[in-house]
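Comments concern the structure below.
The values are calculated or read from the model by the stated rules, or taken from the named source; none is laboratory data. No experiment lies behind these values; they were computed from the predicted model shown. Glycine gets a Cβ as well: all are built from the backbone with ideal geometry, and neighbour counts include every protein chain shown.
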Amino acid sequence: MAYSRVVATGDGSTKQFAVNFALDYLKQSDVTCRVGGELADRAITFLSTNLIQVSGTAVPAGVKVVFTRTVAKDSLLVNYHNGDQLDEDNLMTAQKQAMMAVHEVIDGRFAPLSADWDFNGFRAVNVGAPIADTDAANKGYVIAQTASSVIAAQQSAADAATSKVATELARDLTIAKQQQAAANAVDAMNSQIAAAQARDQAVAAASSVSSSVIPTKAAAQLLNPTVSPEAVILAGLLAAGDGGGGLFKKVATQPTHTAKFQMANGTWYEFAENVLNVKAFGAVADFNSATGLGTDSSAAIQSALDLHMTTGKPVYVPAGTYKANNLTYVLAAGANGQREGCRIFGDGSERTKIYGTTGVTLKIEGGTGKYLIGCFVKGMTFSSFGRGAGYALILHRCVHTTVHDVYIVGHSQDGIYVPTLYGDADPQNDGAVHIVLDQVRINYCDNYGINCAVGTGVNENSFFTMRNVTVEQCGNATTTAGGGMYWRGQMLLMQHVGFVICNNRGLYIEGGAGLGQNIAGYNVTFENNLGKHLECWGISQMMFEGLQIYCSPAWQSSYGIYLNGTTSTIQNVHIRSCRVRCDQTAPFIAFHTQGANVVQCVVENVVFPVWNALANQYKYSGDWIVRPQIRPNVSARATAAQTVVTSDTGILFNTKDHDPANAYNAVSGQYTAPVTGQYLVSAGIALTAPAAGVTGFIKLFSTDTGTELARKSYKFVGGADESMDITRLVTLTEGQHVAVRAVCSANLPLLLGGNNQNNYLSIVLHQQG
């Protein structure tokens, strides 16, 4: 079948034709139309995506109408190097452009040959009858023409023999002419047969290289065409369909990376897709996490990273389990400046897994005096077999960097290591700016889950953001080393973050020169950490809203918030709202300060729903300003299943954990603002999506005015356990009603699951007046 052509037949009346190309088309201007033997294209009009009207008179009955799709082959429709967004639509457009160009080759739309073709013993088939003198001839045509020449010669001989008036000389001349004609006929037949054989060989060679997908790299290496095509497609690397195939282009010299092959005629080809699939470089997803056996894919993935550094094309690690160690994306030292950062992604933290056995699994580092900007690591798990790997991920001299949907587990040192050892001091300056961790889980790391190590007097770890992050069971159980997270810097923001069952401490805030500044935490949980939940030795400002501190008998904690100002200043600490639950039997202090340098530490709106009040258990110890007045803050959950119908429907958070002002109505789903001010509203819902690709919206809605205050959209993947959340700062007047609503753009119902930890509502008065 043809891929880049669609042929229709006229009926003498219609001008409209249904045109359906393989993979459709990218632009309407790529499509042309020619009718019958007309030399010029006809103008066309797109009546819809696949219905085209042809200009001019109606196509006569039986006349062919050929629609041709031709894509650009000298420019990219998507160029990531120039800043195009790496998303599903652009990835599909880039892949389609490559595939459509190959379709043109498969359909035989080549440029004229520029050299002889060796058919290597194969035949040319389905050759039509020649018209011009330079056309190739098929075998039937050659035999027919030879027979005709012989018959004509025989007739001439018979006529000459029966002529009674011809002289002997005439007979001699006739015989000579007959002999010459026969010889000429034989020569013609031999020439035409040779031409047909050459055509057979040329077509066979063309089809073996250009007109089909080559199954594997090994098969491509055996090809020996006289003229090498500009590009070929491999169906796989080691076996068809193994994920390592794709578009390979011809290059002048041998590439330095591993995604390459050489044909038998000496021509080199290299991987030419816009995304660097590590399987094309030789990575094999066969690691057995139980036995530790499997292919070492370190060299293959490193080769892809090296090519990424020179081309800017991102690295893709398909679903599977790989073994790899000491992968690096490291710049050489250079003059101060910035360079595009490392971009590597997988198919999700539950599908793409990389196991390290020694050293560092992935190190991303700028050069001395040179920063990497715009790095992202997305959609994969970093694990350590037998705790052999020390670090999962190192980010050094990185700015505006995002780690998203990543799971880290089982490392003997740190999960994520973000050092700022020199700060802004030239020439070693290595400040870390705008590092974002989003939907990250870190478990079982022997030192810290997240280690933002600093040098003496350094605090240039700036604007470190954590959203939807859990750090669990990190820290050394046999020593006092490590814990959930180590930090000192400027601007630490935590939203929906949990530190759970960590040894020694959940969050450690270093004091000393280069004092840390400005910590803000919203809906942060410290749960069952052994030792201190939060340990701080110096900070200039720290605030928490919606803080939770949990202690249970199975894990004995000694302190909730521990502030030690004996050597450094601790000032402007404000716990705006907190829930403390402690039913352990060991000594425990929920809020503790000590030292002469503790200034202005305020705690308010604290509830103790579970408190044993045993000996040596204290709610407050040290220099705290405790404000018991009620503030209009709400913490609620949805514990009953709901169905959100096709119109905007209010979500009912039917179980209230905290609402001292009784401002939220769990029956109507409305919050009434007790005072005028700015409110931080955070809400989330867990649901069963109606269908893949459908868009849903979660909204903050003013029921008084019937207007949206804020919205956030999500594209569903069609799973049974999806979620939507929104966090916004909104201004409300006293008495104004606000509700959380949800809707599906396809008019399909959303089914909300009950008693899910992702069904939550938090409303906090941020600033009154």
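Could you please let me know if SER29 is in a loop (DSSP other than H, G, I, E, B) and among the hydroxyl-bearing types (Ser, Thr, Tyr)? If you could, list the steps in order and put the result at the bottom.
Working: in a loop (DSSP other than H, G, I, E, B): no; among the hydroxyl-bearing types (Ser, Thr, Tyr): yes.
No; evaluated as a whole, the condition is false for this residue.
Name every residue in the stretch 482-501 that is more than 14 Å from LEU547 (Cα to Cα) and hydrophobic (A, V, I, L, M, F, W, C), in order of residue number.
Scanning the stretch 482-501 gives MET485, TRP487, MET491, LEU492, ILE501.
Would you check if LEU372 is among the aliphatic types (A, V, I, L, M) and buried (at least 18 other Cβ atoms within 10 Å of the Cβ)? Walk me through how you get there before you give the answer.
Values: among the aliphatic types (A, V, I, L, M): yes; buried (at least 18 other Cβ atoms within 10 Å of the Cβ): yes.
Spelling it out, LEU372 is indeed among the aliphatic types (A, V, I, L, M) and buried (at least 18 other Cβ atoms within 10 Å of the Cβ).
For GLN428, are the conditions met, namely being of a type in the set (S, T, N, Q), under 28 Å from LYS353 (Cβ atoms) and surrounded by fewer than 20 Cβ atoms within 10 Å (Cβ to Cβ)?
Considered against the rule, which asks whether it is of a type in the set (S, T, N, Q), under 28 Å from LYS353 (Cβ atoms) and surrounded by fewer than 20 Cβ atoms within 10 Å (Cβ to Cβ), GLN428 comes out as no.
Could you count how many residues in the stretch 26-45 are within 16 Å of VAL7 (Cβ to Cβ) and either surrounded by 11 or more Cβ atoms within 10 Å (Cβ to Cβ) or of a type in the set (Ser, Thr, Tyr) (or both)?
Filtering the stretch 26-45 down to residues within 16 Å of VAL7 (Cβ to Cβ) leaves 31-38, 41-42, 44.
In the following step, the residues that additionally are either surrounded by 11 or more Cβ atoms within 10 Å (Cβ to Cβ) or of a type in the set (Ser, Thr, Tyr) (or both) were identified as 31-36, 38, 41-42, 44.
Selection size over the stretch 26-45: 10.
Do we find that GLY521 is modelled with pLDDT of 95 or more, under 26 Å from GLU604 (Cβ atoms) and not assigned by TED's automatic domain parsing to the domain that holds ASN605 in this structure? Talk me through it step by step, then tell me what you get.
On the way: modelled with pLDDT of 95 or more: yes; under 26 Å from GLU604 (Cβ atoms): yes; not assigned by TED's automatic domain parsing to the domain that holds ASN605: no.
Criteria not met by GLY521.
For the stretch 3-61, enumerate the residues that are over 15 Å from MET100 (Cα atoms) and in contact with a Phe, Trp or Tyr (Cβ under 6 Å, 6 or more places away or on another chain).
ALA8, VAL19, CYS33, ILE52
When the stretch 272-299 is examined, which residues are found to be in a loop (DSSP other than H, G, I, E, B), in contact (Cβ under 8 Å) with a residue 24 or more places away in the chain and of a type in the set (Val, Ile, Thr)?
VAL275, VAL284, THR295
Output the residue which, of all residues in the stretch 649-704 that are in a loop (DSSP other than H, G, I, E, B) and charged (D, E, K, R), is nearest to VAL743 (Cα to Cα). Walk me through how you get there before you give the answer.
The initial filter retains those residues of the stretch 649-704 that are in a loop (DSSP other than H, G, I, E, B), namely 651-654, 659-663, 666-669, 673-676, 689-694, 703-704.
Next, only the ones that are charged (D, E, K, R) stay: 659, 704.
Numbers: ASP659: 27, ASP704: 19 Å.
Ranking the candidates gives ASP704 first.
Quick check on PHE653: is it of a type in the set (Phe, Trp, Tyr), in contact with a Cys (Cβ under 8 Å, 6 or more places away or on another chain) and under 29 Å from ASN756 (Cα atoms)? Working first, answer last.
Numbers: of a type in the set (Phe, Trp, Tyr): yes; in contact with a Cys (Cβ under 8 Å, 6 or more places away or on another chain): no; under 29 Å from ASN756 (Cα atoms): yes.
No.
Go through the residues of the stretch 580-601 one by one and say whether even a single one is under 20 Å from VAL524 (Cα atoms) and touching a His at 6+ places or on another chain (Cβ under 6 Å).
Looking for residues that are under 20 Å from VAL524 (Cα atoms) and touching a His at 6+ places or on another chain (Cβ under 6 Å), one finds none in the stretch 580-601, hence no.
Would it be correct to say that GLN490 is within 22 Å of GLY538 (Cα to Cα), under 26 Å from the mean Cα position of the chain (by Cα) and of a type in the set (S, T, N, Q)?
Details: within 22 Å of GLY538 (Cα to Cα): yes; under 26 Å from the mean Cα position of the chain (by Cα): no; of a type in the set (S, T, N, Q): yes.
Answer is no for this residue.
Among the residues of the stretch 359-369, how many are assigned to a loop (DSSP other than H, G, I, E, B) and in contact with a strand residue (DSSP E or B) (Cβ under 6 Å, 6 or more places away or on another chain)? Show your work before the answer.
At the first step, the residues of the stretch 359-369 found to be assigned to a loop (DSSP other than H, G, I, E, B) are 366-369.
The next check asks that each one be in contact with a strand residue (DSSP E or B) (Cβ under 6 Å, 6 or more places away or on another chain); those that pass are 366.
Here the count works out to 1.
Being of a type in the set (Val, Ile, Thr), in contact with a Lys or Arg (Cβ under 9 Å, 6 or more places away or on another chain) and in a loop (DSSP other than H, G, I, E, B) is the filter here; which residues of the stretch 37-95 pass it?
Selection gives THR57, VAL59, THR70, VAL71.
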